[in-house]
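Colleague: Mind having a look at this structure? Questions to follow.
Each reported figure results from applying straightforward, stated rules to the coordinates on display, with no laboratory input. Small disclaimer: the values here were computed from a predicted structure and weren't measured. FYI the Cβ positions are ideal-geometry reconstructions off the backbone, even for glycines, and counts take in every protein chain you see.
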Amino acid sequence: MTNSSISPLLVSLRQALVGRYDVERELGVGGMGQVLLGRDIALDRPVAIKVIAPDLASSPASRQRFLREARTVARLRHPNIVAVYAAGEADNLLYFVMEYVEGESLRQMLDREGRTEGRRIVRAVSLLADLARALDYAHAQGVVHRDVKPENVLLDAATGRAMLTDFGVARAFASGIDSDGDSAVTRTGFVVGSPRYMSPEQAVGERELDGRSDIYSLGLVGYEMFAGSAPFTGSSPMAVLTKQLTEAPPPLAQQRPDLPAEVTATIDRALGKHPSDRWATAEEFARALEGATPPSPIAVASRTTAATIASPAAAVARERRWTARWVAAAAAIVLGAAAGAFMWMRPSGVPSGVDPRKSFFVAPFEILGGSDQLAWLREGSASMLTLNLAQWSDLNVVSYERGLDLLREARLDTARRIGLAEARAMARKAGAWTVVMGQVTAAGDSVLVTARLFDVASGGQVHQAQQSGSRTADPRPLFDGLTRQLLDVAGAPSTMTLGRLAETTTESIEAYRAYLEGTRAMNRWQLDRADSLFALATDRDSDFALAYYHRAMVLGWRQVGDSSLLALAERAAKLASKLPPRERELVSGYADLMAALQGELRGDTITSQRKYPSAQAHYAAAVARDSGDAESWYGLADAYWHHRPDGWGRPRTIDNWNRALRAFERTLALDSTYYLAYAHKIDIYRQAAGQTALLMLEGDSLHLVDPAAAQRGETAERLRAAQRRAYELAVRDARAWITAAPSSNAYQSLAILYLTQGHADSAATVLRESLARPETHDGQTVFQLVYAESKSDPVAALQSLRRALRAPDMRALGQQGSNNLIESLLGAGAAAAMTGSLADVDSLASVASRTVHAPGGLGLREDPRTRLWPLGVRLAAGLPARIVAPAFAASLANFERLPKGGGDFLRAQAAAALYVSYLATRDPRSLALLRGWRAGQPALSEIDALAALDARDTAAARAAMRTFPSADSVRSAQAPVSLPRWIARARVYEAVGDLRAAVAAYSVLEPRQISPLGQADPSWPLYARSLFWRGQLHERLGDRAAAIDSYQRFVALWADADPALQPQRENARAALRRLGVAS
């Protein structure tokens, strides 16, 4: 692209993207187009916008390929991969929007620094290992980069992190090879990538590449980093390609005898000409670089893969054909043969050492005839065969639930027929190398079931099996017969006893069909429907283990701690002995996890501390059996996340959080739509972003900072930087969640993150986007939007709240499977509380009491926070304590009666109301309960100061004051603030006569920055009243203009406040008149 074309393109792009992105300036020009710096208007973040060169995207086919590749790549979310946010076509320009990485490329660094020497060697090895793991993650998602080179590695200036970019771009277009030999893409069937970094199989035009091609390219990058130049260069692209095919690079140790032998041997092995000579996976490459595994000698003999019929002679012949094709391809390149003329016999594509007949994916069967009577067998066939095949412990079978996810992602969940290409693609994504497809054909009174096995790598049919029977009979025996035949092909021992499907599941066909429908509903997050269907299944068969298990899971997602949940989970575990090994471990692990959680609720620490390790052991056994099973990894992560052996935020608990974080990451690497993993991973990052004091995230590990060290400048700055990074990672994962599995919970999670950082406008934008999409619109989001709006305009938010409260069916709120409903509802109450609308406060509390599920295991009929919250609001609003005190005391008694352990969480959540009570009454009992219910948490120095002042101990009060944070530093950092705590600090300053410090403390309080003190914070009226108190202080200090401003803001905010609150407003109006302003 010439310089003369830059300005018109910039103008054209700005016009095309107006309203979505501000396009600011050019960042660079490459062989595929131009990269520009832009800003996402809605989310207020910098982005890089890559515009594809028009000559590369001239045909409709290339445009379609581009958009298809972009959709695939947009699902990738990894710390070492540049995220793709959006892609599209505007004004005939193809573009995609990426994460903006401020820094330089690896090419720029190599050009500047030359070969890697000295202390930079350790960093280079770490960089290569990080890139290898990024590729391993992408390969697990079925994505091969095809263009790994230094130009496509960006180095983050802030962190030094290496990040791969331009995934999938090379494959999307068709053109020739450019003159410099470094920027070649191809017509379909020819070369795709950059010749200097291209694998031999890529060089001869093989289209079905696997991850080992990227390993070769990364090996070349590593070779160049240490040797100082690429191993293959030439005067033309053809010369470079010829060398790639015919020459071996000089051993790296000859170039750099000073390097560790592990490094040189590892890179040399990555450069094997044959894919089977390289590292089998990029993860193995990474571990070898780091010295975790010794580099094995390069294989000499062929590594054959299992097939239906395979012989040593056939393997040798195949190896000879490989070599012959490479030599012929090299000759063709040298002679300038026509692009696309190469026909190359590639290997199977199966990773080295993997038997393709040991991993199965069962696609839904096609139903031919039979009207609606047999329709249930579309998914039923996949479920039955999957469960049956999984009885052989040596066979990895993609679970039925994961299959539903794959179908939904491919938008094939309702397709009548699945094509072979589509089935192979889903199998690859799941890491399976054999796919089962079939038909159920009705003919008269009979039914014929046909199952066909296909090799995923080649697409060739491996085997066909058939069973027939009566159309009106139970079809499950037919699938038992098919399973036996398929297991024979997979190599199962003939002596293996195969349990009948009716024995491992249920004798009742009605129960089984209800279970299948329930599983589909659960997969679509239709939790009420799923619960009803699983209940029907267990009603029809009281020994149906899987139905009990899945119903328990549904209840767990809807209402953590439901009293019937443990009974269901334990019933499932009791019946699990007849299940396949995977399901048996999952069911037993879940039952132990629920028993541990229930033990905590009851205060039974002996049970909980015994059951958590047992749950972890069951899930670990499932992972050991199949390391590619996302559900097993999630269960393991969940068992570690909830297990807090020494209490929240303590060292052993943080060790478990580290284990959970890595297991959640593994879950998402295997299944990017597993959104419960996103939710918990974001929870962990939120703790590291400041919610758990002194918790620091460094690299991918959490640890506690010494309190004394945290006061020192350097450590304090490191902690703040780590908290910012944790917040950014949480936002990244929330966005990835929205992209991979759009749901209202995903949008709400991102909105909550924005709100915790004071970005209310961004939160509101995200929530409105959720409400605009039918599939993510729900009632809870409406209330969360009210809360976001209250941060910028409480009066307008109050009108939104009233509209939300007029919704026709509030019961649906309690049926949406959310465990943070109370936080959304009472958060929306900020609009009513700040404006003094006590009637709306009561209406909202009534809705919450009807829709928020009572925590289970505590014998409660409703959540006691819904009763305490409106009383706390009244105290915060300044109603006389004598009016509120009796009901408030009765409500507190409900919390006091809760058992130790299970009741501790609710008591901690009631602390905000106790805080407000103490501010309003200075009641010693409130103070004692506040301190007792916060046991183990950091001290509240401002409360200690107030208590000291009440005791007339000014010296102790002043000592506590010295620990108060600086109002100026909080304002400059725009950090989240606690409303009642800053009110208390202002009160202390005023009491000791430091009026200007009191004014400064009040000035910290702006709704955008206020962070709730727990899920049921009633303190919001204090913000409005703080305006009045500010006015009084300004008046005493002689600052008339500031006093007038504060009084006027208070009068406006409480314009329609409850009649009981009007006397306070009248006092402000009287003050305005006193200052000569008409009120």
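Colleague: For Glu247 and Arg1074, calculate 0.36 nm times their separation in residues minus their Cα-Cα distance, and state this gained length in nm to one decimal.
Modeller: So the extension gain works out to 288.4 nm.
Colleague: Ordered by packing density, taken as the mean number of other Cβ atoms within 10 Å over each peptide's residues, highest first, how do 895-908, 109-122 rank? Show your work: numbers first, answer last.
Modeller: On the way: 895-908: 17.6, 109-122: 13.4.
Taking the mean over residues of other Cβ atoms within 10 Å, the ranking is 895-908, 109-122.
Colleague: Using 0.36 nm times the number of residues separating Arg45 and Arg25, minus their current alpha carbon distance, what extension gain do you get?
Modeller: Gain on stretching Arg45 to Arg25: 5.7 nm.
Colleague: Quick one: what do you get for the stretch 357-501 if you divide its Cα Rg by 2.2 N^0.38 Å? Don't skip to the end; give the middle numbers.
Modeller: Details: Rg = 14.2 Å, N = 145, 2.2 N^0.38 = 14.6 Å.
Against the compact-globule rule of thumb, the ratio is 0.97.
Colleague: For a protection proxy built on the mean count of beta-carbon atoms within 10 angstrom, sort 18-29, 916-927 highest first, please. Please list the in-between numbers first.
Modeller: Numbers: 18-29: 14.9, 916-927: 20.1.
The most tightly packed comes first, giving 916-927, 18-29.
Colleague: Sort 963-973, 373-383 by packing, meaning the average of other beta carbons within 10 Å per residue, with the highest value first.
Modeller: Taking the mean over residues of other Cβ atoms within 10 Å, the ranking is 373-383, 963-973.
Colleague: Nearest 10 degrees, 0 to 90: what angle lies between the long axis of helix 838-851 and the longest principal axis of the chain (Cα atoms)?
Modeller: The helix 838-851 is inclined about 40 degrees to the chain.
Colleague: Spin-label point model (7 Å from Cα, Cβ direction): what's the Ser966 to Ala502 distance in nm?
Modeller: Label at Ser966, label at Ala502, 7.9 nm between them.
Colleague: Which of the pairs Lys681/Lys791; Lys273/Lys681; Lys149/Lys429; Lys358/Lys611; Lys429/Lys611; Lys50/Lys791 have their Cα atoms more than 29 Å apart in this structure?
Modeller: Numbers: Lys681/Lys791 27 Å; Lys273/Lys681 40 Å; Lys149/Lys429 25 Å; Lys358/Lys611 33 Å; Lys429/Lys611 34 Å; Lys50/Lys791 36 Å.
Long pairs (Cα-Cα over 29 Å): Lys273/Lys681; Lys358/Lys611; Lys429/Lys611; Lys50/Lys791.
Colleague: Grab the DSSP H runs of the chain that are 4 residues or longer, score each as -39,500 (n - 2.57), total them, divide by all residues and round the 222 nm result to the nearest 500 deg cm²/dmol.
Modeller: On the way: 47 runs with 586 residues, N = 1079.
After summing the helix terms and dividing by residue count, I get -17000 deg cm²/dmol.
Colleague: Could you list Tyr915, Tyr137 so that the one with the fewest beta carbons within 10 Å of its beta carbon is first and the one with the most is last?
Modeller: Fewest-to-most Cβ neighbours within 10 Å comes out as Tyr137, Tyr915.
Colleague: Report, to the nearest 10°, how far helix 924-933 tilts away from the longest principal axis of the Cα atoms in the chain, using its own Cα long axis and a range of 0 to 90°.
Modeller: With both axes taken from Cα atoms, the answer is about 10 degrees.
Colleague: Quick one, what does Rg over Rh come out to for the stretch 493-652 if you take C-alpha atoms and the Kirkwood Rh? Mind dumping the intermediate values first?
Modeller: Details: Rg = 16.2 Å, Rh = 16.3 Å.
Taking Rh as the inverse mean 1/r over Cα pairs, Rg/Rh reads 0.99.
Colleague: Still on this model: Testing the spin-label approximation: label points 7 Å from Cα along Cα→Cβ at Leu676 and Ala421. State their distance in nm.
Modeller: For the pair Leu676/Ala421, the computed spacing is 3.6 nm.
Colleague: Now a separate question. Once the Cβ-Cβ distance between Glu717 and Ala443 is put in as r, and R0 is 51 Å, what FRET efficiency do you end up with, to the nearest 0.05?
Modeller: 0.10
Colleague: Determine the relative contact order of the stretch 844-930: mean sequence separation of Cα pairs under 8 Å and six or more apart, normalised by residue count, in whole percent.
Modeller: The normalised contact order for the stretch 844-930 reaches 26 percent.
Colleague: Now, a different point. Average the reciprocal distances over every distinct pair of alpha-carbons in the chain, invert the result, and give the Kirkwood radius in Å.
Modeller: Hydrodynamic radius (Kirkwood, Cα pairs) of the chain is 32.3 Å.
Colleague: With an 8 Å Cα cut-off and a minimum separation of 6 or more residues, compute the relative contact order for the chain in percent.
Modeller: Values: 1857 pairs, mean separation 61.1, N = 1079.
Contact order relative to length: 6 percent.
Colleague: What percent do you get for the relative contact order of the stretch 938-1074 when only Cα pairs under 8 Å and 6+ apart count?
Modeller: Result for the stretch 938-1074 is 17 percent.
Colleague: What angle do you read, to the nearest 10 degrees and between 0 and 90, between the alpha-carbon axis of helix 881-896 and the longest principal axis of the chain?
Modeller: 40 degrees
Colleague: Percent antiparallel among DSSP beta bridges with both residues in the chain, to the nearest 5?
Modeller: 85 percent
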